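What follows is calculated from the coordinates using simple rules that are stated; it is not laboratory data. A quick note: this is a predicted structure, and the numbers were derived from the prediction, not measured. Backbone-built Cβ (ideal geometry, glycine too); neighbour counts: all protein chains shown.
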Amino acid sequence: MNLQAEMEKRKLLIEGALEKMMPSEDCRPPVIHQAMRYAVFNGGKRLRPVLVLEGARLMGGDFESVLPIACAVELIHSYSLVHDDLPAMDDDDLRRGKPTCHLVFGEAIAILAGDGLLTLAFELMSQAIGNELTNHKRVLEAWTELAQAAGSKGMIAGQVTDLMSEGQEVNEETLLYTHYNKTGALFKASLKSGAIMSGANSIQLQALEAYAEHFGLAFQITDDILDVEGDELLTGKKCGSDARSEKSTFVSVYGLDQSRKMAEQCVEKAIHSLDIFGEDGELLKGLAFSILPRRK
């Protein structure tokens, strides 16, 4: 399988669906919809919605039936980035190589744009319930999975712990808790929601959950490494921001060499989690392998 070609194919499918599902820029009031579209269409790998599609494919499902869920996941991710970049949070001024949303539209509109993206995400998921071809029970299970991942016991919990830990030394348990939630929760919910929508059983879901947890941790560790030695032109965001904010990261706690080893171990565990899928797990294995040499 050509991983890059397959990822690009799915990315185009997702972006086409997002274009149809999002309000146009001239929809009243235009400024909020311009800000929402700026946040969504300013680049990005679309990795999380790709995981939704792959979860469905592994279970024999079709992409079309899970596209609303995939788009909802990307909107949730985009909203979280808009809010994370705000001065009250991470105070970043560069995202995907472009000025962050609050620098372009102001803080008030950026906050509302994030709110708009989050609520639109749940509107899209409700549309999946309205599709007579979908299993409503499965849609509600996937909906619950995503809501929990994005909520105060998931992604928000990770962000809160990250903020509260600034300038403090943290132990391994706190560091893992932060990133399992801040980064890993949405990866896990993305992969599981597509699989749930397509009829996955408990054993299959356990395997995908294990993969996503290890994948998400490897992704975050690599992100921490890139913040230290990455190229801003490639990462699309300012490097060294973690140190300036006095954040505890895998690099600050374990150092670069140990962090690299930890990322490699996480990738190995992620790949091993896919054993029950045989050759069908090749795309997910390729994604895990691609984390280690990534430059952005």
Response to the item:
Expected output for the range 1-30 (first residue in contact (Cβ under 8 Å) with a residue 12 or more places away in the chain and part of a helix (DSSP H, G or I), partner buried (at least 17 other Cβ atoms within 10 Å of the Cβ) and aromatic (Phe, Trp, Tyr), Cβ below 7 Å, 6+ apart or cross-chain) is LEU13/PHE63
Discussion item. Surrounded by fewer than 20 Cβ atoms within 10 Å (Cβ to Cβ) and more than 13 Å from the chain's Cα centre (by Cα): is that true of PRO87 in this structure?
Written reply: yes
Practice prompt. Take the residues in the range 104-120 that are out of contact with any Leu (no Cβ under 8 Å at 6 or more places or on another chain) and within 22 Å of LYS45 (Cβ to Cβ), then tell me which one is surrounded by the most Cβ atoms within 10 Å (Cβ to Cβ).
Written response: ALA113
Practice prompt. Scan the range 161-179 residue by residue and report those that are surrounded by fewer than 20 Cβ atoms within 10 Å (Cβ to Cβ) and assigned to a helix (DSSP H, G or I).
Written response: THR161, LEU163, MET164, GLU172, GLU173, THR174, LEU176, TYR177
Discussion item. Going by what's in this entry, would ILE196 be described as in contact with a Cys (Cβ under 8 Å, 6 or more places away or on another chain), of a type in the set (Val, Ile, Thr) and in a helix (DSSP H, G or I)?
Written reply: no
Item to complete: May I ask you to say which residue of SER165, SER190, SER152 is in contact (Cβ under 8 Å) with a residue 24 or more places away in the chain, of a type in the set (Ser, Thr, Tyr) and over 27 Å from GLU282 (Cβ atoms)?
Response: SER165
Worksheet entry | Filtered residues of the range 147-177 (kept if out of contact with any Lys or Arg (no Cβ under 9 Å at 6 or more places or on another chain), under 30 Å from SER65 (Cα atoms) and hydrophobic (A, V, I, L, M, F, W, C)) | ALA147, ALA150
